Amino acid sequence: MIRQNLHTHTDWDDGSNSMESMILAAKAAGLTSIGLSAHSPLPYENDWECPQERLPAFIARARELGEKYAGQIDVYAGLEWDVTMRDIDLSPYDYVIGSVHELPVDGYRSVDSDPQTTSQYLAECFSGDADAAAEVFFAQYAAVAREPEADIVGHFDLLTKFDEQYGFFRPDSARYRRAALAAMEELVGAGKIFEINTGAISRGWRTTPYPSPELLCALREMGGRITISSDAHSTQGIVCAFDRAQELAGGCGFKEIWTLQGGVFAPVGF
Ligand SMILES: [Zn+2]
Ligand SMILES: [Zn+2]
């Protein structure tokens, strides 16, 4: 059984519940540790970041709750760093998830919002060429590979969020695969750990986690490492579909997941 979730959001960013509620929900679900991963600030206006000036208090509050629940559950202070945010100190956190949420075209276009936004950016910025959008999307992960403070690769193929219902992308096309696999290779080479992220399942958009089974198996063949997390934005999603994620990992041949233990990542067999 998976006993850690390092990807959670609280009311310090766009989550619904307090840090303490999330910690208690994790404990109730049988987890022995939880990582609180606030959304980093962003270089554009949005309603989901934890603002720069609140980050020190965010860390302090996580530490305070860590002390309160010591011996019951370990609490880590993390950051979900968005790669578009270049000038940010990533060193104060116990771990960092490096994520891509947008395409740097025509300002920024979100890949995470809704099917209509996806349909619009494909038409307006890529003349309908979904493979070109995928190339731009995956190329941004080079920033995660180059960032020494980044530990985990967040929701690697997030751009396919709406594909089970809308089929915007062509994950089996040669160009899509080349772009995804090149990014993956660079990230694996840099020692980054990929999360199997069940967030879109709890939000009703998908039945399978990120990355897709095909990419997950490719990751296994490359010798990549994984962790399992739910990207929970509320207490209900705390261990959403962890059993399915573990099953998929096992099906691709993974024998262990990597978990944060104290200050270091270590493998746990399953
Ligand atoms: Zn994210
Ligand atoms: Zn997240």
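Derivation of every value follows stated rules applied to the coordinates shown; laboratory data play no part. None of these values were measured; they are calculated from a predicted model. Positions of Cβ are generated from backbone atoms using ideal geometry, with glycine treated the same way; all protein chains shown enter the neighbour counts.
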Checklist line | Cα-based reach from LYS161 at 30 Å (exclusive), listing lysines while leaving out same-chain residues under 8 positions away | finding: LYS27, LYS192, LYS255
Item checked: Charge dipole (the stretch 4-269, unit charges on Cβ, about Cα centre) - positive-most of TRP81, TYR141, SER230 -> SER230
Notebook entry, point to check: Could you give the length gained on full extension between ALA142 and GLU185, defined as 0.36 nm per residue of separation minus the Cα-Cα distance, in nm?
Noted result: 14.5 nm
Next item on the list: Provide the packing ranking of 261-270, 186-195, i.e. peptides ordered by the mean count of other C-beta atoms within 10 Å per residue, highest first.
Entry: 186-195, 261-270
Notebook entry, point to check: In the chain, which whole DSSP H runs stretch at least 15 Å along their own axis (Cα) and average -0.5 or higher on the Kyte-Doolittle scale?
Noted result: 55-68, 115-126, 174-189
Item checked: FRET E, pair ALA174, ARG54, Förster distance 35 Å, beta-carbon r, rounded to 0.05 -> 0.20
Notebook entry, point to check: How many nm separate the modelled label positions at ALA266 and SER127, each set 7 Å beyond the Cα in the direction of the Cβ?
Noted result: 5.6
Notebook entry, point to check: Given R₀ = 22 Å, FRET efficiency for ASP47-GLN120 by Cβ-Cβ distance, to 0.05?
Noted result: 0.70
Note to self: How much of the DSSP bridge set in the stretch 4-269 is antiparallel, in percent, rounded to the nearest 5?
What the structure shows: 25
Checklist line | Orphan Cys of the chain, criterion: no other Cys C-beta under 4.7 Å | finding: CYS50, CYS125, CYS240
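Expected output is a single nm value to one decimal: the length gained when fully extending between GLU247 and GLU221, i.e. 0.36 nm times separation in residues minus the C-alpha distance. What is it? Don't jump to the answer; show the numbers that get you there.
Working: separation 26, 0.36 × 26 = 9.36 nm, distance 1.71 nm.
So the extension gain works out to 7.7 nm.
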Checklist line | At R0 = 30 Å, FRET efficiency that the Cβ-Cβ distance of GLN72 and ARG203 yields, to 0.05 | finding: 0.55
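Report, in debye and to the nearest 20, how large the dipole of the chain comes out about its Cα centre when Lys and Arg carry +1 and Asp and Glu carry -1 on their Cβ. Walk me through the numbers before you get to the answer.
On the way: 21 positive and 40 negative charges, 168 e Å.
Dipole magnitude for the chain comes out near 800 debye.
Considering only the other residues whose Cβ falls under 13 Å of the Cβ of GLU214, what net charge follows from Lys and Arg at +1 and Asp and Glu at -1? Please list the in-between numbers first.
Values: positive: ARG170, ARG177, ARG220; negative: ASP157, ASP163, ASP172, GLU221.
Net local charge, GLU214 excluded: -1.
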